1. Which residues, taken from segment 179-201, are part of a loop (DSSP other than H, G, I, E, B) and buried (at least 22 other Cβ atoms within 10 Å of the Cβ)?
2. Collect the residues in segment 237-288 that are at positive phi and open to solvent by 10 Å² or more (accessible area, probe 1.4 Å), keeping them in residue-number order.
3. What is the residue count in segment 213-225 for residues that are of a type outside the set (Gly, Ala, Ser), assigned to a helix (DSSP H, G or I) and open to solvent by less than 60 Å² (accessible area, probe 1.4 Å)?
4. Given the structure, is residue 204 surrounded by fewer than 22 Cβ atoms within 10 Å (Cβ to Cβ) and assigned to a loop (DSSP other than H, G, I, E, B)?
5. Enumerate the pairs (first residue in segment 264-288 and assigned to a loop (DSSP other than H, G, I, E, B); second residue anywhere and aromatic (Phe, Trp, Tyr) and open to solvent by 10 Å² or more (accessible area, probe 1.4 Å)) with beta-carbon separation below 9 Å, excluding pairs fewer than 6 apart on the same chain, so at least 6 apart or on different chains.
6. If we scan segment 136-144, do we find a residue that is touching a helix residue (DSSP H, G or I) at 6+ places or on another chain (Cβ under 6 Å) and among the hydroxyl-bearing types (Ser, Thr, Tyr)?
7. Given (1) under 28 Å from residue 199 (Cβ atoms); (2) at pLDDT 95 or above; (3) aliphatic (A, V, I, L, M), where does residue 223 come up short, assuming only one miss?
Amino acid sequence: MMFTTLINAEQLVEQRTKHHTVIIDCRHDLMDPLAGKKAYDAGHFEGAVFANLDTDLSGSKFDEHGIFLGRHPLPKTEDLLAALRRFGINDDTQVVAYDAHGGMFAARLWWLLRSIGHAQVAVLDGGIAAWTAGGQTLHTEAVSPISGNIEVKSSLTKQVNVQTVLQNLQAEAGTQLQVIDARAADRFRGENETIDPVGGHIPGAKNRFFKDNLQADGQFKSAQALREEWLALIDAPSNAIMQCGSGVTACHNLLALEVAGLRGAALYPGSWSEWCSDASRPVATGSV
């Protein structure tokens, strides 16, 4: 059985005994870049490898002309491949990503693998809390996987750049793409901004906090519930752009859409951190 969106703890226990499975710890803290590795060293899933958001799952913050691309730009394909092979991933590997944050960082790895055509990747629903709640133990042993041979295939994702988002503001009514911002409501409104230098949002964007995809226990809502909530927000996923602060939690909304069977939305990787770095780009504040 291939898992392409979510996998629960019981399924993971069974899956890893029947198929080549690579488990990747994606824990991170945006305010403390060392926190994820410290947590991994203190205890991780048996055999799991650690993926660093800043160095493995992101690329350079500046292009060759010194232009800022955002806080977590996508890594170059060759750099991503090198990291994935270092993790031991082959073309037929089932990959499972987990974190301790409702999937907010694990979903980034999920999207990246799909961006190079690897469909066999899932996020552990409920993360490390669900794993330990099921009686599974954590380990501290160092992991040195055999190098993998994953190759690039046809992408399963869509993405847009800042120019597309900017041009969308001038598009005629009825033809505009819908921009959905995954940040918390206060940051969307331009309040309590502690990460980026400017508060606010892209004009015309709507807010869907990524945590609204989750139940109180930190696991994803049902596919039906997600579908109903998302269809009340967007007309069609193929006409939607997902963004957030730096292109990370936007992937959580893309995962929720995939769980709901609403495929085809695009990621704006630079997101608010890239958008607000140029004062010529318009900024909106408030709820709309």
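The values are calculated or read from the model by the stated rules, or taken from the named source; none is laboratory data. Keep in mind it's a predicted model, so treat the numbers as computed, not measured. As a convention, Cβ positions derive from the backbone with ideal geometry for all residues, glycine included, and neighbour counts pool all protein chains shown. SASA here: full protein model, heavy atoms, side chains in, ligands and nucleic acids out. Shrake-Rupley method; radii C 1.70, N 1.55, O 1.52, S 1.80 Å.
1. Passing the criteria: 182, 183.
2. If the condition is that a residue be at positive phi and open to solvent by 10 Å² or more (accessible area, probe 1.4 Å), then 261, 264, 286 are the ones that fit.
3. 1
4. Spelling it out, residue 204 is indeed surrounded by fewer than 22 Cβ atoms within 10 Å (Cβ to Cβ) and assigned to a loop (DSSP other than H, G, I, E, B).
5. Correct list of pairs: 270/68; 277/68; 278/68.
6. The answer is no; no qualifying residue exists.
7. (1)
Residues checked against (1) over 16 Å from residue 282 (Cβ atoms); (2) at pLDDT below 95; (3) part of a loop (DSSP other than H, G, I, E, B); (4) open to solvent by 80 Å² or more (accessible area, probe 1.4 Å):
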site: 150; (1), (2), (3), (4): yes, no, yes, no
site: 168; (1), (2), (3), (4): no, no, no, no
site: 171; (1), (2), (3), (4): no, yes, yes, no
site: 174; (1), (2), (3), (4): yes, yes, yes, yes
site: 211; (1), (2), (3), (4): yes, no, no, yes
site: 227; (1), (2), (3), (4): yes, no, no, yes
